[in-house]
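The structure appears right after this line, and notes come after that.
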Amino acid sequence: MMLSGRTSALAASQKPGGARISATGSSSTTSADGHTRGVLILPGLANNAADYAGLSEHLHNRGLATKVVQIGRPDWSRNAAALADMNWWKGTLKPRPAVDWYLQRVSAAMDELKQEVDGAPITMLCHSAGGWLGRVFMLEFGVTGIDRYITLGSPHAPPPPGVEGVVDQTRGILNWCQDAAPGAYHPEVKYVTIAGRKVKGVKLSQQGSWLAKFAGAGYQQVCGDAEVWGDFIVPVPSAHLEGAINVDIDDCFHSPLGTKLKFFGPWYGSDEMVDQWMHYVTDDWDSLQPGWYEEHADGSTTKSSSSSSSSSSSSSAGSSEAAPVGAGVPEQA
């Protein structure tokens, strides 16, 4: 669900059910090695740990203890075991036991990182399918030690029911996530979702580039609408969570593949993109200020109110087709 900037800010200061929570700053605990924060990177579908080497190095160079969940590309074939579950065929698949193999890898990496940071808070940084896998992990394994959850181009919302020709690629898991852990579910965790605006899709029957048609066909399957912006794989309307800080960044491609095929350009983990969302990882939560962005008919965006220097680094943050999206933190109650 896309939220207007002000609505998003209000919702982000509430936990499910409407109860108010405080957007307090994170613990300032420092580990014996001097780390004030750990970051656990959750790979996306068909990616392996090596794809995140550049992002991991960038975070490490900023003084963050960083660990990538050890996933190999062949590991994803384990998901095929879910074909033996009748719920897969009915579209009512639950994440467990289908993705237990992934959750166990996350648990092992989380334990190692917790030992390294020795009490310092941890950010879960999730790419693509790692976003909903991270939500399942927090629900099933708990959030002890985790104070921030940030997703990069993750499909969160299930496709709308009853749309002709649309098939839920997760075979029901996104619906399960939405029901079991809706929106910014854990009040003690700060949620941030980052969505890329690389290509606006068009229907196959319309005029447009092959890139826009290919993207539109994919967006249609994910959110039921081809004519939206997205990162070429995940459409913006699907990449945000109600109650989270929802941020759009321009010209951002979905996959690390973009660093190898320059035609696609930088992805979320490229240096120029990281600089636009890194403050949500490193800055004191209370020091961040809201900043709203309004989209115009020509597709350009304009900052419509002031923000601190921390959030000004996301000056290319955009909005959805209809309403501006908050690029800052919850307004204090």
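The values are calculated or read from the model by the stated rules, or taken from the named source; none is laboratory data. Everything numeric here is computed off the predicted structure, so don't read it as measured data. When we count neighbours, we look across all protein chains shown, and the Cβ atoms used for this are built from the backbone with ideal geometry, even at glycine. Surface areas here come from the heavy atoms of the whole protein model, side chains and all, with no ligands, DNA or RNA. Shrake-Rupley method; radii C 1.70, N 1.55, O 1.52, S 1.80 Å.
General remarks:
- Cβ-Cβ distance of residue 53 and residue 203, R₀ of 41 Å, FRET efficiency by 1/(1 + (r/R0)^6): the value works out to about 0.60.
- Hz values of 3J(HN,Hα) by residue in the stretch 267-283 - Karplus curve (6.51, -1.76, 1.60), Gly and Pro given as x: 10, 3, x, 6, 3, 5, 7, 4, 4, 8, 10, 4, 4, 6, 8, 9, 7
- Taking amide hydrogens as placed 1.01 Å from N in the peptide plane, the amide H of residue 246 sits under 5 Å from those of 193, 326, each at least 5 positions away in sequence or on another chain.
- Accessible surface comparison of 257, 152, probe 1.4 Å, protein chains only, largest first: the order is 257, 152.
- Judged by the ratio a/c of the largest to the smallest principal axis of the C-alpha gyration tensor, the stretch 192-284 counts as oblate, that ratio being 1.5 or greater while a/b is no larger than b/c.
- Formal net charge of residues neighbouring residue 198 (Cβ-Cβ distance under 10 Å; K, R +1; D, E -1): -1
- Surface composition of the stretch 194-247: carbon plus sulfur atoms contribute 58% of the solvent-accessible area (1.4 Å probe, protein chains only, all chains present).
- Largest-first ordering by accessible area, 1.4 Å probe, given options 36, 123, 66: 36, 66, 123
- With a 1.4 Å probe rolled over the protein heavy atoms of all chains, the accessible area of 233, 249 falls in the order 233, 249, largest first.
- Cross-link reach list, lysines versus residue 94, counting only Cα pairs under 29 Å and skipping chain neighbours closer than eight places: 15, 67, 114, 190
- The residues packed around residue 90, meaning those with a beta-carbon under 15 Å from its beta-carbon, carry a net charge of 0 if Lys and Arg are +1 and Asp and Glu are -1.
- Computed with a 1.4 Å probe over protein heavy atoms only, the accessible area of residue 238 comes to about 0 Å².
- Using a probe of 1.4 Å on the protein chains alone, the accessible area found for residue 89 is around 150 Å².
- Cut-off 14 Å between beta-carbons: net charge of the residues surrounding residue 62, Lys and Arg +1, Asp and Glu -1: -3
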